[in-house]
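First up is the structure itself, then whatever we jot down about it.
Readers should treat all values here as calculations from the given coordinates under stated rules, not as data from a laboratory. Predicted model, so just to flag it, every value in this text is computed and none were measured. Cβ atoms come from the backbone with ideal geometry, glycine included; neighbour counts cover every protein chain shown.
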Amino acid sequence: MQNETLRPEFTPIGLADFKPTIDPTMQQHAEGTLIDKYGRRISYVRLSITDRCDFRCTYCMAEEMTFLPRHEVMSLEECLRVASVFVGLGVSKLRITGGEPLVRKDAMWLIDRLGSLPGLENLVLTTNGSQLDRFAQPLYDAGVKRINISLDTLQAERFKKITRIGDLHKVLNGIDAARAAGFLRTKLNVVMMRGTNDDEFVDLVRFAVSNELDISFIEEMPLGEIHGRNNTYISSEETRQMLAPHFELIPSTENSGGPARYWRIPGSTSRIGFISPHSHNFCDTCNRVRITAKGELYPCLGQNDAVNLLQVLRASSSQEALRQAIIDSMGIKPFGHDFTQQMDAPHVVRFMSMTGG
């Protein structure tokens with residue numbers, strides 16, 4: 001790969017090397033696991049590798065964004081160090097996010113190595129799909145198991161309005177490229193917005209079913225200073241009612257390791273998911289934390305408390321110091337969030353693109 005020789009060698013730490021110290025007030029788990037003070041096991045990390053994106057989606061970022069300077073962003077080697085320690089602490093699912101992760105220069109250098117981490121069972125990627133026509137095959141070859149693609153509309157003009165600068169045809173080509181590369185169960189993520197795309201929910205499900213895709217409908221979350229959400233919010237239950245006259249939806253007990261709750265359509269391989277941070281809070285079973293591109297560990301998406309891992313990474317090459325910082329961060333993971341009263345006056349003012357999608 002280009003610039004391969006410029007990257008220093010890095011030896012991942014295996015599961016057997018980890019002996020985490022757990023707060024005695026926590027429910028005890030087996031060695032090699034990471035648990036919070038409420039006894040919830042953390043098995044899923046969402047790692048953002050850039051805050052930059054080639055779209056400007058209205059619900060994700062401001063039209064004129066100020067992006068992080070390079071020195072404030074984790075290097076790819078630092079991302080690998082963080083991921084390796086989490087996997088050593090029992091994390092089995094790692095999602096690469098952004099911004100748009102595939103606009104990060106040399107992103108495949110990192111993804112290739114993450115795919116080889118001992119103990120990592122599920123390496124997945126969230127993308128806007130714009131770069132998949134180039135990267136789908138390398139991603140598959142690197143060991144990425146599954147791709148989530150953001151797609152809020154099937155109408156080209158509406159797509160451009162939502163993304164401000166995006167090209168729907170590039171995303172549709174990316175979906176085709178993912179299928180050709182061998183990816184199965186690729187999932188579409190649809191942010192539900194009243195008056196914007198609610199007239200397309202049936203069409204989006206039909207598109208998913210006809211292309212053997214999964215699809216998840218996501219309640220809009222109050223992140224960043226974006227006004228008008230009180231008028232655009234739609235609950236998962238309302239969307240299910242919209243779909244019910246057109247599809248027989250059967251509740252499923254399937255779990256992809258994330259927050260989605262799934263339904264099935266008889267005769268189809270597609271799963272219909274709903275992610276409901278407002279109407280059906282899933283905090284009691286939360287199994288995840290997020291790492292921003294600048295190395296901030298957020299134990300909860302809906303809170304502002306964070307641990308600065310970048311400072312730890314650059315203060316020492318010791319994996320033990322990093323491991324201990326991660327273990328200690330479990331002490332600030334709250335039991336849950338409360339988005340209900342925050343739609344137009346969000347408690348969390350950072351944009352979703354800054355946290356990691």
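Can you tell me the Rg and the Dmax, both Å, for the Cα atoms in region 97-171?
13.7, 45
Collect residues whose amide H, placed 1.01 Å from N in the peptide plane, falls under 5 Å from the amide H of Leu34; neighbours closer than 5 in sequence don't count.
Those qualifying (amide H under 5 Å, at least 5 residues apart or on another chain) are Ile42.
Per-residue counts of other Cβ atoms within 10 Å, averaged by peptide: what ranking do you get for 132-140, 234-242, highest first?
132-140, 234-242
For region 81-92, in order, what is each residue's ³J(HN,Hα) by Karplus, 6.51 cos²θ - 1.76 cosθ + 1.60 with θ = phi - 60°, in whole Hz (x at glycine and Pro)?
In residue order, the calculated couplings are 4, 4, 4, 4, 5, 4, 5, x, 8, x, 5, 10 Hz.
To the nearest 0.05, how large is the calculated FRET efficiency for Gln155 and Arg134 if R₀ is 35 Å and r is the Cβ-Cβ distance?
Details: r = 25 Å, r/R0 = 0.71.
Once rounded, the FRET efficiency stands at 0.90.
Take the residue pairs Lys160/Lys294; Lys294/Lys333; Lys93/Lys170 and return only those whose Cα atoms are more than 24 Å apart.
The pairs that break the limit, which is 24 Å between Cα atoms, are Lys160/Lys294; Lys93/Lys170.
Can you pull the percent of Cα pairs in region 77-140 with separation above 14 Å?
Details: 1113 of 2016 pairs.
In whole percent, the long-distance tail amounts to 55.
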